[in-house]
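There's a structure below that I have some questions on.
The values are calculated or read from the model by the stated rules, or taken from the named source; none is laboratory data. Fair warning: this is a prediction, and the values are worked out from it, not measured in the lab. Cβ placement follows ideal geometry from the backbone for every residue including glycine, while neighbour counts extend to all protein chains displayed. These accessible areas exclude ligands, DNA and RNA; they are computed on the full protein's heavy atoms, side chains included. Shrake-Rupley method; radii C 1.70, N 1.55, O 1.52, S 1.80 Å.
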Amino acid sequence: MTVLLLRLAGPLQAWGSAARFVRRTTENAPTKSGVLGLLAAAQGRPRGADLSDLATLRFGVRIDQPGTRVRDFHKAQHAESGRVMPLSERYYLADAVFVAGVEGPDELIRRLHQALEAPRFLPYLGRRSCPPSRPLLFKGSLTDGPLEDALRAVPWQASRWYIRQLGRTGAGHEQLDLLMDCPADEAPDFSLRDTPVTFDPRHRQYTMRGVRTGHVNAPAHDPTSHLRLAVPNSLPGPSLYAS
């Protein structure tokens, strides 16, 4: 099996699994339906296309930077009739960073990787108003081995300002949450209805998915890693700093 890892970072993200009517919520991490939709769009699949090959992929997420939940009051008006739509509440995750991965047959995973290098449709992070701020692919995005091992090994993808902030609070190691597809013969920690059957807007369908939780320690942050070494001859004499 081959693994494809994606870095999901942006000013806003929204990953709803139970968004209905005028209240559009978001989960705390990317959903399987949201990430598979991104991959299907990159390949140029129509909304009514068969998704059975994608739905069987094993899915997992690592929360590198949890972000902040924000609420927006949204007003929309029909462009032609001028009819005002009901006021709705839409929730987003601001300044979040995730590493999401799928595991499956080598040929399919490599096709998905190629599609992300030149996507047919613009990728977005859950909603069309949420474009990514950093490249989805990074060094090591395509790898072999079990998905969970790949998610544990990939370098920490959090923003520099977030890591600096943790350094100021004295956090030496940040514990990152892992959310993995639960094997069928094990009891899940919780379940979500977010495995897509069809994205056809006339009758979207999703099935339940069990999720198993875990944790991994992020690499320790060196607060001096951004500094450059000074030229020895340019260093000031010790008398300048003598007490």
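Among (i) 37, 24, 18; (ii) 52, 26, 15; (iii) 30, 20, 17, only one was calculated for this model; which label is it, if the read-out is semi-axes √(5λ) of the Cα gyration tensor in Å?
Here semi-axes √(5λ) of the Cα gyration tensor in Å agrees with entry (i).
Which is farthest toward the positive dipole end of the range 70-128 among Leu122, Leu87, Gly101, measuring Cα position about the Cα centre, with Cβ charges +1 (Lys, Arg) and -1 (Asp, Glu)?
Leu87
I would also like to ask the following. Give me the extension gain from Thr25 to Leu137: residue separation times 0.36 nm, minus the current Cα-Cα distance, reported in nm with one decimal. Walk me through the numbers before you get to the answer.
Values: separation 112, 0.36 × 112 = 40.32 nm, distance 2.69 nm.
Between Thr25 and Leu137, full extension yields an extra 37.6 nm.
With a cut-off of at most 15 other beta carbons within 10 Å, and DSSP calling the residue loop, which chymotrypsin sites (Phe, Trp or Tyr not before Pro) in the range 1-108 qualify? Please list them.
Details: sites: Trp15, Phe21, Phe59, Phe73, Tyr91, Tyr92, Phe98; in loops: Trp15, Phe21.
Passing both the DSSP loop test and the Cβ count: Phe21.
With +1 assigned to the C-beta of every Lys and Arg and -1 to the C-beta of every Asp and Glu, and no other charges, what is the dipole magnitude of the chain about the Cα centre in debye, to the nearest 20?
On the way: 31 positive and 24 negative charges, 227 e Å.
Value, rounded to 20: 1100 debye.
Hey, another quick one. Given the protein chains as shown and a 1.4 Å probe, how many square angstrom of Met208 are accessible, to the nearest 10?
Its heavy atoms expose roughly 100 Å² to the probe.
Can you pull the one-decimal nm distance between simple spin-label points at Glu107 and His203, each 7 Å off the Cα toward Cβ?
Inter-label distance under the simple model: 3.1 nm.
Run through all the Cα pairs of the range 28-159 and give the fraction in each 5 Å bin from 0, expressed as whole percent.
2, 9, 17, 21, 18, 15, 9, 5, 4, 2, 0
Further question on the same structure: Using only the heavy atoms of the protein chains and a 1.4 Å probe, how would Thr25, Thr195 rank by accessible area, largest first? Please list the in-between numbers first.
On the way: Thr25 40, Thr195 15 Å².
Largest to smallest exposure gives the sequence Thr25, Thr195.
Rounded, prolate or oblate: which one fits the range 85-183, using the alpha carbon gyration tensor with axes a ≥ b ≥ c (rounded when a/c is under 1.5, else prolate when a/b beats b/c, else oblate)?
Working: a/c = 1.75, a/b = 1.06, b/c = 1.65.
Taking the square roots of the gyration eigenvalues as a ≥ b ≥ c, the range 85-183 is oblate.
OK, next. Rounded to the nearest 500, what is the chain's calculated 222 nm mean residue ellipticity when only DSSP H runs of at least 4 contribute -39500 (n - 2.57) each, over all residues?
Details: 5 runs with 44 residues, N = 243.
About -5000 deg cm²/dmol.
Relative to the longest principal axis of the C-alpha atoms of the chain, give the angle of the C-alpha long axis of helix 32-43, reported between 0 and 90° and rounded to the nearest 10°.
90
Carbon and sulfur atoms: what percent of the 1.4 Å accessible area of the range 35-190 do they account for? Present the calculation step by step, with values, prior to reporting the outcome.
On the way: 4400 of 8610 Å².
C and S atoms contribute 51 percent here.
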